[in-house]
Amino acid sequence: MAKKRPQTKAKTSGRTAAPQVSDGDIPVVGAREPCPCGSGRRYKACHGRAAAHAVAELVQRPFEGLPGECDWVALRELVPAATVELNLKSGLPEGVPAVTLATVLPMAWPALRRENGSVLLGLQNDTASGDISRDIADVLRRALEAKPGSPVAAERVPADSPRLQDLIDPEAPFTPVVHSGFEFWLEDSANSSPEVTASLERANEAAIPTARLSGVEAAYWCRTPEKNHLRWVMPHPEEKLIDALARLHAAGTSGLGEHTRLVGSFRAHGLVVPVWDLPGAMEADDVEKPAQEFAERLTEALASDAPLTPEERRARGGLTNRQVTLS
């Protein structure tokens, strides 16, 4: 724990002022405990106020500026099992053959330094602050220095620490590989611990079959017991996108073929994700061509600046009424 500075008091306008200390001198304490600065106030009412503000400040688009922002959102919110090889601006440190982003890791570890020195970085973890990018970047930095064969836990992150945008090469491709299960967890399946093996079995049982379309960006088909779906993360400004979807919906061209239906959308990390219901017999390959054709119609609708017609306004109201926010 950091050392306290001498407790001094000064008179200012008849009130007792707290001694000045730097943020680096303040250890992490409970919100109701006395502030370590010696002011006599509780931590949450003293130096904890600035810390609380930093934690509560939500970054609406934490993956903005990263290559493949839409796919980052999809892997965070939609995809059960997927990996992406990451390229760092500074290159890989000595002894680290690869850094792989994974949707989720065994035992919900934030990161894992494998025995061979490579790093697995988890994406679908709870984060301590309002900036997912900063939290994951902190885990990544510590994983690069961790002892091989050890998991890396999340920690409280300073507000001025680097973000993923500071560490990831912005020119490198971001190409997710979707898996049918979580076998990618295992470096050596024969010597896996019983806990990891059990975690793998549970995860595989719960995973929804998912596939990434190849002809359009960040569109993911999935199968559920009731019906299939397409969930498509889009980078366009929300108001412009909803207008465009409303134009297509009013014209009867918002579907992806026979017996498909645009059922609404949700927001995730600052982006809009339209969702379609698909027939149970419609596989991912069957959606490829309809999705590409829809993308062309959407591009035309996005380019229109004409006021919405009454029918289009009604369609827009229906879409927005069915919109929810995930993050």
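List every residue whose amide H lies under 5 Å from the amide H of Val272, counting only residues 5 or more places away in sequence or on a different chain, with H placed 1.01 Å from N in the peptide plane.
Under 5 Å from the amide H of Val272 lie the amide H atoms of Met234, each far enough along the sequence or on another chain.
Amide H of Ala82 versus every other amide H placed in the peptide plane: which residues, excluding those fewer than 5 positions away on the same chain, fall under 5 Å?
Amide H neighbours of Ala82: Thr103, Val104, His179.
Using the alpha carbons of segment 210-325, what is the convex hull volume per residue in cubic angstrom, as a whole number? Numbers along the way, then the final one.
On the way: hull volume 11.6 nm³, N = 116.
Convex hull of Cα atoms, per residue: 100 Å³.
Over the alpha carbons of segment 135-279, what is the largest minus smallest coordinate on each principal axis, giving the biggest first in Å?
59, 40, 26
Determine the distance separating the Cα centre of segment 82-105 from the Cα centre of segment 271-314; give it in Å without decimals.
34
Would you kindly work out the equivalent ellipsoid of segment 209-259 from its C-alpha gyration tensor and give its semi-axes, the square roots of five times the eigenvalues, largest first in whole Å? Don't skip to the end; give the middle numbers.
Details: eigenvalues 95, 48, 18 Å².
Listed largest to smallest, the semi-axes of segment 209-259 are 22, 15, 9 Å.
Which order do Trp72, Trp221 fall in if you start with the one that has the fewest other Cβ atoms within 10 Å? Numbers along the way, then the final one.
Details: Trp72 28, Trp221 25.
If I rank by nearby Cβ atoms, fewest first, I get Trp221, Trp72.
In units of 2.2 N^0.38 Å, what is the alpha-carbon radius of gyration of segment 69-206? All intermediate terms of the calculation are to be shown ahead of the outcome.
Values: Rg = 14.3 Å, N = 138, 2.2 N^0.38 = 14.3 Å.
So segment 69-206 has a normalised radius of gyration of 1.00.
Evaluate Rg over Rh across segment 275-315, taking Cα atoms for both radii and Kirkwood's formula for Rh.
Numbers: Rg = 13.9 Å, Rh = 12.5 Å.
Over the Cα atoms of segment 275-315, Rg/Rh equals 1.11.
Readers should treat all values here as calculations from the given coordinates under stated rules, not as data from a laboratory. In this text, all values refer to a predicted model and were calculated from it rather than measured experimentally. No Cβ is skipped: glycine too gets one built from the backbone with ideal geometry, and neighbour counts run over all protein chains shown.
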